[in-house]
1. Do me a favour and compute the ellipsoid semi-axes for the stretch 118-234 from its Cα gyration tensor, root of five times each eigenvalue, largest one first, whole Å.
2. If you take the square roots of the eigenvalues of the alpha-carbon gyration tensor of the stretch 244-386 and sort them as a ≥ b ≥ c, do you get rounded (a/c under 1.5), prolate (a/b over b/c) or oblate?
3. Simple spin-label model, 7 Å along Cα-to-Cβ: Arg106 to Val146 in nm?
4. Rounded to the nearest 500, what is the chain's calculated 222 nm mean residue ellipticity when only DSSP H runs of at least 4 contribute -39500 (n - 2.57) each, over all residues?
5. Count neighbours as other Cβ atoms within 10 Å of each site's Cβ, and list the GluC sites (Glu not before Pro) in the stretch 143-220 that are DSSP loop with at most 16 such neighbours.
6. How many Å² of accessible area per residue for the stretch 301-376, probe 1.4 Å?
7. Which percent of the accessible area of the chain is formed by carbon and sulfur heavy atoms (probe 1.4 angstrom)?
8. Express the accessible area of the stretch 208-257 per residue in Å², computed with a 1.4 Å probe while the remaining protein chains stay in the model.
Amino acid sequence: MTKNRNARAAVAAFAAVAALALAGCAATGADGTTAAGASTEAECPGASTPFDQLELAADVRELDGPSTACLADTSLPIIESDEASAVPLTVTDVDGVEVTVESTERILPIDITGTIAATVFSLGLGDQVVGRDSSTGFPEAADLPVVTQEGHTLSAEAVLSLDPTVVITDTTLGPRDALAQLRDAGIPVVIVTKERSVENIGELVDQIAGALGVSERAELLKSAIDADLSAVMTPIEASIPADPADRPRMIFLYVRGSANVYYLFGEESGADSLIEAVGGFDVAGEIGWEGMRPVTAEALVQAAPDVVLVMTEGLASTGGVDGLLERLPALASTPAGEHRRIVDMADTEILGFGPRTPAVVDALARAVYAPQPSTATADTAAETNG
């Protein structure tokens, strides 16, 4: 189901789009990971039922109505290890810059998806994290001070006030001058890959763990994620139609109604990787849509999706499903529009591609193939947010 991909530079474009808009099911993971904070069945219906025991739709393309993908457990899997950071150390980051890290006592992990912070916490170093970006939405980091402003603008002053001993980022937060200001102040800044997909989770773990000197923890975390992802995807793969032509045609839309922003995420955006992981047919490849670009009526008609994935807050910003279809009349004429098959998921979860990826894939697959009534539908969120 997965395949090798070229660099996903489109994540940088995501930062620009977000600027215009102004964010594991298992309690115990594999190989020594632990987590806490499970939601109730009422908050996440059907979450306690194994995927292969769910009553799956005979034909997903004939389902009617929206659904919300939710995590039964919004907290992170945490590696248990006694390994201490092997510092001081010198690493060469993805920009080719040699960076010497003297201490990991005060770590600041920041990016536009919250993935770097999630990875640091899952490596078992959460107690050493001193701040967060606005996209870091898991409960363990809720009380940390935020160093981004107006959505995803990095504040060098806010960072300096936290006195970090190392900053790990991926350049998706701007301005770039802020990073230069931090380096000028003597703070080690390590740049890791900005690619995000199901396929490159291990690469990102290695780069982050390498900057923190915890290679043993990296191996434990990668093994845990791989095991959990395999456990999640095995029943999904067994349940989806063998013929790709019989699978639901899916697209990912990034929408922000207040800013009149409507982007279709295509090949090399990361969304294509997620669609393939849940067994959908990624229409972007068929229509030749690469990266992320403003959606057009022609593209929607050509795509003819059966299911549309969106972020929950984005959908709410359009007034829910009705508002989205009203704002994009071409979408209303597609099979997804006619059946109102809009699947939303929390902004801080759906494109994170970090340690919670197995749980995200599982939750999306449930919302696509066996949607359950939800007490927190996107339409309700729209009413709540006015």
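The values are calculated or read from the model by the stated rules, or taken from the named source; none is laboratory data. Bear in mind that the values here come from a model prediction, so they are computed numbers and not experimental data. In this analysis, Cβ positions are derived from the backbone assuming ideal geometry, glycine residues included, and neighbour counts consider all displayed protein chains. These area figures cover heavy atoms from the full protein model, side chains too; ligands, DNA and RNA do not enter into them. Shrake-Rupley method; radii C 1.70, N 1.55, O 1.52, S 1.80 Å.
1. Values: eigenvalues 139, 45, 40 Å².
Equivalent ellipsoid of the stretch 118-234: 26, 15, 14 Å, largest first.
2. Rounded, because the longest to shortest axis ratio a/c is under 1.5.
3. 2.2 nm
4. -9500 deg cm²/dmol
5. Details: sites: Glu150, Glu157, Glu195, Glu199, Glu203, Glu216, Glu219; in loops: Glu150, Glu195, Glu199.
Filter output for the stretch 143-220: Glu150.
6. I get 28 Å² per residue for this part.
7. Details: 7250 of 15000 Å².
C and S atoms contribute 48 percent here.
8. 37 Å²
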